Amino acid sequence: MSFLTLDRITRRFGDHDVLRGIDLQVERGEFVALLGASGCGKTTLLRLIAGLDHPDGGTIRLDGRDVTKAEPAERGMSMVFQSYALFPHLTVADNIVFGLRARKVPKAEQGKRLGEAAEMLGLAKLLTRRPAELSGGQRQRVALARAVVSHHPLCLMDEPLSNLDAQLRAEMRSELRRVQQALGLTLVYVTHDQVEAMSMADRIVLMHAGGIAQVGTPDDLYERPASPVVARFIGQPPMNLLQLPGETALRGVRPEHVAIGDGPWECAVVRSEYHGADTLVEVTCHGQPLLLKHAGRLRVEAGTMLRVGWPAEREHRFPA
């Protein structure tokens, strides 16, 4: 039996179906990312798992227990929010063990867990500071330490890195994955950032319009997208989708797989962007935009004609 099971979960707000029959199984120790655009229902689903809201239909089971109607405190899970949710008047140490004190965990055990979490997350020298004296990355580490010391086997995270700059996000992604694996945490992580999902998660749940578009490993979603929705969401830049004359199916090909040379199609250059490691070129193919990624510097002017093509094994076909 899976550690966390969602069975036919539905949620409505007025006349709007926010979640439509969600089925999902999460194994113990797994890192699962709920990925999707704003409004797809991923945060609503996380709130239902946490017990901050209740479904209109379906069942939520945690480690074999039906927790569909249970209160948050009865579910035995921790949560890290987008906002750090730290008490400004408390020190780092007091913020980390606040939940343990509320649960009346013995002081000796509090100190032991605090020391372990502070060492693991590099907070040992910051325990006497207050949140206002910390950087954004340090505050997020405190929020993560607070979840770690709870020793709850399931941790829920709602876009916890979105307030950080790009460099800090990259550092925290690595740190978060390391901590999750070291502790064997079961982690359900909400994000709209595909880089976060692709770089950290064991499996990605790509949500679209209140449903699940595809569940799989990062490699599954990138190499074997189940639909045009998945193909266009996963990848930077996204997959090209073309409907060629006389064909009913859509052809899909990733920009990095489009090659310039002796291909079957002659295309006009619309624009090019030099990114340092590569050049992104947009061309027009049968009246439709096509992006290609060329390694290194490629100097082409708008209006230049190029012949392009791609290997047959790199092409995807989708119903129109």
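The values are calculated or read from the model by the stated rules, or taken from the named source; none is laboratory data. Remember, predicted model here, so these are calculated numbers, not experimental data. No Cβ is skipped: glycine too gets one built from the backbone with ideal geometry, and neighbour counts run over all protein chains shown.
Here are the numbers for the structure shown:
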| item | result |
| --- | --- |
| Residue among Leu298, Leu306 that alone is outside any loop (DSSP other than H, G, I, E, B), surrounded by 16 or more Cβ atoms within 10 Å (Cβ to Cβ) and of a type in the set (A, V, I, L, M) | Leu306 |
| Options Ala231, Ala249: the member that is modelled with pLDDT under 95 and small (Gly, Ala, Ser) | Ala249 |
| Residue in the stretch 250-262 that is among the basic types (Lys, Arg), under 30 Å from Arg203 (Cβ atoms) and not assigned by TED's automatic domain parsing to the domain that holds Gln194 present | yes |
| Yes/no for Ala231 being among the hydrophobic types (A, V, I, L, M, F, W, C) and either at positive phi or in a loop (DSSP other than H, G, I, E, B) (or both) | no |
| One residue from Leu221, Leu291, Leu250, Leu241 being free of Cβ contacts under 8 Å to residues at least 60 places away in the same chain, crowded, with 16+ Cβ neighbours inside 10 Å and farther than 30 Å from Gly58 by Cα | Leu291 |
| Criterion violated by Val283 - all others in (1) free of Cβ contacts under 8 Å to residues at least 40 places away in the same chain; (2) closer than 21 Å to Ser227 by Cα; (3) assigned to a strand (DSSP E or B) satisfied | (2) |
| Strands (runs of 3 or more DSSP E) wholly inside the stretch 1-52 containing at least 1 residues that are charged (D, E, K, R) and out of contact with any Lys or Arg (no Cβ under 8 Å at 6 or more places or on another chain) | 4-13, 16-26 |
